[in-house]
1. What about SER159, is it surrounded by fewer than 20 Cβ atoms within 10 Å (Cβ to Cβ) and either at pLDDT below 90 or under 20 Å from ASN27 (Cα atoms) (or both)?
2. Within segment 64-81, work out how many residues are within 15 Å of VAL102 (Cβ to Cβ) and within 13 Å of the chain's Cα centre (by Cα).
Amino acid sequence: MKQFIIFIISLIGASGLFAQQNAVYFNHTQISLLAGEESVDGEQKALIPSFQTINGFRVDGNFGFGIGIGAEPFEYMTYPVFFAGYYFVNSLKNNPFFCVKVGHAFSNSNKKFNWGYNNDFKHKGGLMFNPEAGIRLNTTNFDVTLSAGYRFQRLKSTSSQQNSSYTYEHQTEYNRVSFTIGILF
């Protein structure tokens, strides 16, 4: 949890360094709740928090694209890296938008357990897909976004025993509804 908080604070600070007043460049920082029922080792995780920041460019008045990173505590801590495509319906101050994010969640969580055997667990992350629709609300210095969407996340991990050729691969697929609030510079 301490790593997650430090990572979030670092991302907020870094995103502020890149934000410009030029209408061509944008930064979209989001906090989400991913809702759904999944059983992970007998525990139900109904809500998973998500933090993401996207840096990108508006191609014209309606289209934009960017690259994003995030942090999410699924079964283990994951760090998604993804491409995002935006479509803003019109250029009015308060307008609807659509966004699609596609990428891969990485993890640096590797654990060793000794249950009578020396087991190595390697968490690999996996595919991420997140279409969403929302509304952009204009304020004086920035825009506030509210959106909802579908979130697919595949996570893979492997377990191997030391001095053995035994390897076990585990895969979990999350299908979630995402509720997001964001700030768009």
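1. Against the criterion (surrounded by fewer than 20 Cβ atoms within 10 Å (Cβ to Cβ) and either at pLDDT below 90 or under 20 Å from ASN27 (Cα atoms) (or both)), SER159 qualifies.
2. Looking only at that region, the number is 6.
The values are calculated or read from the model by the stated rules, or taken from the named source; none is laboratory data. Source: prediction; values computed, not measured. Note that each Cβ is placed from the backbone with ideal geometry, even for glycine, and that neighbours are counted across all protein chains shown.
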